[in-house]
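Read-outs throughout are calculated quantities, based only on the coordinates presented, and are distinct from any laboratory measurement. Computed from a predicted model, the values in this text were never measured in an experiment. Counting neighbours? That spans all protein chains shown, and the Cβs are built from the backbone with ideal geometry, glycine included.
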Amino acid sequence: MEVILAKHAGFCFGVQRAVDTVYEQIEKRGKEGRPIYTYGPIIHNEEVVGDLQKRGVCVLDSLADAGAVPREERGTVIIRSHGVEKIVCERLRELGYDVVDATCPFVKRIHNIVEKESAAGKNIVIVGNAGHPEVEGIRGWSETDTFVAGAVEEAEKFVCQVGEEVCIVSQTTFNYKKFQDVVEIFKERGYNGSVVNTVCNATEVRQAEARELAARVDVMIVIGGNHSSNTRKLYEICRQECEMTYYIQTLDDLHLRLPESVRLVGITAGASTPNNIIEEVQNYVRVNF
């Protein structure tokens, strides 16, 4: 039986940059002794977050958590790759924290677009999943109303005043085809404004590669954290092409009983999945099936 690993599985540039930033701060702390925090889990992967906690990195889930920390323990707080609302960074500095911004540059680009276009009076439309940390962060950079649409049905509910302009952006990890479908609704209704495709190129490549691989194999394994939006989308894409698609977080979740007819197994992984977990799953499948 042959096992094929997708070329673009695992950490993307933004995630690698954020994780590296935390470990750099841990090393720096050895010299300065200042406490280290991340604002929310640095990435959506429980294994990575668990390792950081063992190294003394604490997670602040809200500004209320940050304010509850004794002033003498307010050290360095690292903004995760998903980014946060503009007011969060401002408030953290007011509380006395040293803020290190590890927001993915592609997400930061969206913040800049939204801030500029909303200042010009445009309504901001974000194509993505309402409630996702990245989407909430993007909303926090707008000076005008924001509208989130994760599906065609939601886009159809959008209304604005005659003469008002809109600016449409996307969550970086959103399904590119769904983004196109949602944008088409706005075009059909003749809304005046601009569309900026901010789906990360790495996301587009990863999704296209997963679709192609899943269509070729007998079994598909998708590896990623339970709360990882981009991994969930990879699973949905692969499931459309391969009925025997499995979503796992680590090797411990892999309970396969493969029929003898299986000859080809494909593996891909979300942008928050460490290489060591991918390699562990890949080696196990090759040896045991």
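Using Cα pairs under 8 angstrom and six or more residues apart, how large is the relative contact order of the stretch 13-104, in percent?
34
Give me the percent of Cα-Cα pairs in the chain that sit more than 33 Å apart, rounded to a whole number.
Counting pairs separated by more than 33 Å, the tail of P(r) holds 31 percent.
For the stretch 13-104, just say rounded, prolate or oblate: build the C-alpha gyration tensor, square-root its eigenvalues into a ≥ b ≥ c, call rounded for a/c under 1.5, and beyond that prolate if a/b exceeds b/c, oblate if not.
oblate
Suppose R0 equals 35 Å; then what is the FRET efficiency for R71 and Y23 from their Cβ-Cβ distance, rounded to the nearest 0.05?
0.85
Can you give me the orientation-averaged projected area of the convex hull built on the Cα atoms of the stretch 23-162, in nm²?
Mean projected area for the stretch 23-162: 9.9 nm², to one decimal.
First measure r as the distance between the Cβ atoms of A151 and T250, then evaluate 1/(1 + (r/R0)^6) with R0 = 25 Å and state the FRET efficiency to the nearest 0.05.
For R0 = 25 Å, the calculated efficiency reads 0.20.
How are the C-alpha pair distances of the stretch 90-210 spread across 5 Å bins, as whole percents from the shortest bin up?
Percent of pairs per bin, in order: 2, 11, 21, 22, 20, 11, 6, 4, 2, 0.
Rank-order 76-87, 173-184 by packing density, defined as the average count of other C-beta atoms within 10 Å over each peptide's residues, highest first.
Packing order, densest peptide first, comes out as 76-87, 173-184.
Summing -39500 (n - 2.57) over the DSSP H runs of n ≥ 4 in the chain and dividing by its residue number, what mean residue ellipticity at 222 nm do you reach, to the nearest 500 deg cm²/dmol?
Computed mean residue ellipticity for the chain: -13500 deg cm²/dmol.
For A271, what residues show an amide H to amide H distance below 5 Å, using hydrogens built from the backbone and excluding near sequence neighbours?
Here T231 satisfy the definition.
Among the listed pairs K122/K178; K86/K116; K28/K54; K178/K233, give every one whose C-alpha distance is greater than 18 Å.
Over 18 Å Cα-Cα: K122/K178.
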